[in-house]
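These notes concern the structure reproduced below.
The values are calculated or read from the model by the stated rules, or taken from the named source; none is laboratory data. Bear in mind that the values here come from a model prediction, so they are computed numbers and not experimental data. Note that each Cβ is placed from the backbone with ideal geometry, even for glycine, and that neighbours are counted across all protein chains shown.
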Amino acid sequence: MITGLIRRYKPYVIVLENCDGDGSHRCSRIEKLIGAICREAVKDNVAVRVFSRTEIKEVFGAFGAATKYEIAHAIARQLPELTPHLPRYRKAWMSEDYRMAFFNATSLALTYIYTRQIRAKK
């Protein structure tokens, strides 16, 4: 399935969370999935970039956002069309809103774009 998606959409880069990085709390099933995506991308000559949760927080720290909730709000300020999908503030006993996945994925994409711009300036 992953191979089919890569070949159909022909991305030039795939951006994923670094499960080995600081701040990652992914289960082994997700770690294996991300590893499989990386291997398939490499087979199809697609660049892969991975960022740890710590790296994402460093990028969004420039916008005054440190927590997932604050990062989601920073994203919504940049992409107002996502504002209606912002999850409510999560209390410690609440499970994470499924919509936070949209903002997690977007934070990876924006981190890639931001770090790419910084590398291009050097």
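Name, by its number, the condition in (1) crowded, with 17+ Cβ neighbours inside 10 Å; (2) at pLDDT below 90; (3) hydrophobic (A, V, I, L, M, F, W, C); (4) out of contact with any Lys or Arg (no Cβ under 8 Å at 6 or more places or on another chain) that does not hold for MET1.
(1)
Can you report the number of residues in region 93-105 which are among the hydrophobic types (A, V, I, L, M, F, W, C), part of a loop (DSSP other than H, G, I, E, B) and within 19 Å of ALA66 (Cα to Cα)?
The qualifying residues number 0.
Checking ALA72 against (1) within 21 Å of ALA47 (Cβ to Cβ); (2) in contact (Cβ under 8 Å) with a residue 12 or more places away in the chain; (3) small (Gly, Ala, Ser), only one condition comes out false. Which one?
Against the list (1) within 21 Å of ALA47 (Cβ to Cβ); (2) in contact (Cβ under 8 Å) with a residue 12 or more places away in the chain; (3) small (Gly, Ala, Ser), ALA72 comes up short only on (1).
For ARG7, only one of the following conditions fails: (1) at pLDDT 90 or above; (2) surrounded by 11 or more Cβ atoms within 10 Å (Cβ to Cβ); (3) within 23 Å of PHE102 (Cβ to Cβ); (4) basic (Lys, Arg). What is its number?
Status for ARG7: all satisfied but (3).
Of the residues that sit in region 56-65 and are more than 17 Å from LEU86 (Cβ to Cβ) and surrounded by fewer than 18 Cβ atoms within 10 Å (Cβ to Cβ), which one is farthest from the chain's Cα centre (by Cα)?
ALA62
What are the residues in region 38-77 that are more than 30 Å from ARG7 (Cβ to Cβ) and among the aromatic types (Phe, Trp, Tyr), if any?
PHE60, PHE63, TYR69
One line per residue, one yes/no per condition, for (1) in contact (Cβ under 8 Å) with a residue 40 or more places away in the chain; (2) outside any helix (DSSP H, G or I):
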| position | (1), (2) |
| --- | --- |
| ILE6 | yes, no |
| PRO11 | no, yes |
| ILE30 | no, no |
| VAL50 | no, yes |
| THR54 | no, no |
| LYS91 | no, yes |
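Which condition from (1) at pLDDT 95 or above; (2) surrounded by fewer than 16 Cβ atoms within 10 Å (Cβ to Cβ) is the one that TYR12 breaks?
The number of the failed condition is (1).
Any chance you could count how many residues in region 66-84 are loosely packed, with under 15 Cβ neighbours inside 10 Å and part of a helix (DSSP H, G or I)?
First pass over region 66-84, keeping only residues loosely packed, with under 15 Cβ neighbours inside 10 Å: 66-67, 77-81, 83-84.
In the following step, the residues that additionally are part of a helix (DSSP H, G or I) were identified as 77-78, 80-81, 83-84.
Summing the residues that are loosely packed, with under 15 Cβ neighbours inside 10 Å and part of a helix (DSSP H, G or I) in region 66-84 gives 6.
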